[in-house]
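The block underneath contains the structure these notes are about, expressed in structure tokens.
Since every read-out is calculated from the coordinates, none of them should be taken as a lab result. This one's a predicted model, so the numbers in the text were calculated from it and none came from an experiment. Neighbour counts run over all protein chains shown; Cβ positions are idealised from the backbone, glycine included.
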């Protein structure tokens with residue numbers, strides 16, 4: 001019989017820090033191998049010429065979802081011990097807009113900027129400095145923004161509870177959406193490549 005995997009370690013313990021370091025290195029390596037440490041490649045997402053960001057991130061979501069589902073079915077993971085962040089509608093909406101605008105301007109997000117900086121790219125170093133400055137500024141301004149920060153609390157929401165579906169059915173829908181999305185992404189890339197070729201003639 002498989003016992004549940006331990007999903008929590010004492011905060012600040014050597015084991016927790018080692019695990020976080022290992023996961024971070026692995027995640028960064030995967031991003032770099034996928035080419036996502038390049039702002040040029042990431043901007044291809046906005047220009048509809050390179051949908052690698054969509055493909056890589058959606059693949060990661062589906063892999064994690066299927067992994068957790070089957071590990072829980074096998075009794076290896078207790079999903080009740082998996083932390084789900086709370087939902088705060090307005091502040092997360094504002095944060096998403098700021099995040100999206102920053103990524104569109106810089107061509108990098110926090111994760112990919114760290115990868116870019118680690119591989120010696122100057123734009124990555126600048127973006128890392130920028131988001132650390134943003135974190136510091138937000139922390140200093142937080143008391144004045146307490147009303148916004150705590151507004152729209154909805155607790156820990158998951159899609160299956162939100163839509164009233166069992167987890168297996170929801171996973172089937174997400175996997176189907178991912179497969180359809182990959183097909184559409186390929187079509188978009190091919191259409192944009194033909195369009196660029198025609199303009200270049």
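R0 = 22 Å: FRET efficiency of residue 47 with residue 99, Cβ-based, nearest 0.05?
Working: r = 19 Å, r/R0 = 0.87.
After rounding to 0.05, the efficiency reads 0.70.
The mean sequence distance of close C-alpha pairs (under 8 Å, at least 6 residues apart), as a share of the length of segment 24-126, puts its relative contact order at 33 percent.
Between residue 80 and residue 163, what FRET efficiency follows from the Cβ-Cβ distance if R0 is 25 Å, with the result rounded to 0.05? Each step should come with its number before you reach the end.
Numbers: r = 20 Å, r/R0 = 0.80.
Step by step, r from the Cβ atoms, then E = 0.80.
For the chain, the mean residue ellipticity at 222 nm estimated from helices alone is -23000 deg cm²/dmol, where every DSSP H run of n ≥ 4 contributes -39500 (n - 2.57) and the total is divided by all residues, rounded to the nearest 500. Distance distribution P(r), segment 39-190, all Cα-Cα pairs, bin width 5 angstrom from 0: 2, 8, 11, 14, 16, 17, 17, 12, 4, 0 percent.
With each label modelled as a point 7 angstrom along the Cα→C-beta vector, the residue 149-residue 199 pair spans 4.4 nm. How high is the relative contact order of the chain, in percent, counting Cα pairs under 8 Å that sit 6 or more residues apart? Normalised by residue count, the contact order of the chain is 27 percent. Approximating the spin labels as points 7 Å out from Cα along Cα→Cβ, the residue 188-to-residue 29 distance works out to 3.1 nm. In plain terms, if you count all Cα to Cα distances in segment 140-197 and split them into 5 Å steps from zero, the share in each step is 4, 14, 11, 10, 9, 10, 11, 12, 12, 5, 1 percent.
Between residue 180 and residue 64, the FRET efficiency estimated from the beta carbon spacing at R0 = 22 angstrom works out to 0.70.
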